[in-house]
1. Could you give the length gained on full extension between ALA104 and ARG236, defined as 0.36 nm per residue of separation minus the Cα-Cα distance, in nm?
2. Which length gain, in nm to one decimal place, applies between ARG147 and GLU135 when the Cα-Cα distance is subtracted from 0.36 nm times their residue separation?
3. Taking the range 151-273 on its own, what percent of its Cα-Cα pair distances exceed 26 Å?
4. With all protein chains present, calculate the accessible area of ARG147 using a 1.4 Å probe and round the result to the nearest 10 Å².
5. Would you mind checking which residues have amide H under 5 Å from GLN29's amide H? H placed 1.01 Å from N; only 5 or more apart, or other chain.
6. I'd like the isolated cysteines in the chain, meaning no second cysteine's beta-carbon lies under 4.7 angstrom from theirs.
7. Add -39500 (n - 2.57) for each DSSP H run of 4 or more in the chain, then divide by its residues: what number comes out at 222 nm, to the nearest 500 deg cm²/dmol?
8. Can you give the FRET efficiency to the nearest 0.05 for ALA82 and LEU187, using r as the Cβ-Cβ distance and R₀ = 45 Å?
Amino acid sequence: QHMAFSRMDLRDHRKIVVIDNRIAYSGSQNCADPEFRAKPACAPWIDLLLRCEGPVVAQVQFLFLSGWIPETGETGLDGYAAAAAHAWHDDGCVAAAFETGPIARHNAMADMFVACIYAARRELVITTPYFVPDESILRAICAAPRRGVRTILVLPRRNDSWLVGQASRSTYADLLQCGVAVHEYPLGLLHAKSMTIDGQISLVGSANIDRRSLELNFENSLLVADAGVTAAIRRRQEKYLSVSVRVTQEQVDGWSFAARLVQNAVAMMSPVL
């Protein structure tokens, strides 16, 4: 609570839609046209979100109300989230919606990313627009190929934040040296935040792998344990990969000293970006 009132740069970054207390959408999509005219040079925004029914809707509704009630002061909503549809679907799956932020447990989002990464045994695919990992996440990703996990990272080639783009590229040398396949998506801002693990587990939500999402933003995420849902997300990831360009060791080795200096200088500033 003290942090929430002592900082002026906190941000509600959640993306939540709940319809009739029975359908929920969760993912990376903002309420904005994909062309996002404010930043046309990076358009279109490429997003991913999941449509949910069943018990998880109550969890998403609770997350929405946790922001709505303090902001509006509206009363009479006690128990509203609990009244969301509870019907179990015979063909349903196991899922959990959760929120992270400056008044939640410290490092909760980073811990979730790290736990999912270390859970991978065969394949790990990650897409994110803003990749400025803390040390725990970077080390977890770099460790995955060393234990035989096919590890793929897909980032946008053109970033709407020059600083974030430079900080992201400062990690490429470490990633490639450890065997991570780094790809850059060239057709717009790949804004989808997704992780698939071994074709069985998916993590989709609003959180980027950067310091702002890990420490300052209010975020919402959806963890799904289901092969069918994960396969659908994995197919979408494969579409991103099909048009992306793989970053090579030779390409990174060819960067000038000045370029590396800028990248590393920006990366050093990442905790305050």
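The values are calculated or read from the model by the stated rules, or taken from the named source; none is laboratory data. Computed from a predicted model, the values in this text were never measured in an experiment. Neighbour counts are summed over all protein chains in view; Cβ atoms, including those assigned to glycine, are modelled from backbone coordinates with ideal geometry. Calculation scope for accessible area: heavy atoms of the full protein, side chains included, ligands and nucleic acids excluded. Shrake-Rupley method; radii C 1.70, N 1.55, O 1.52, S 1.80 Å.
1. Here the answer is 44.4 nm.
2. In short, 2.4 nm is gained.
3. 24 percent
4. Rounded to the nearest 10, that gives 90 Å².
5. It is LEU48, by chain and number.
6. CYS31, CYS42, CYS52, CYS93, CYS116
7. Theoretical 222 nm ellipticity from helices: -10500 deg cm²/dmol.
8. 0.60
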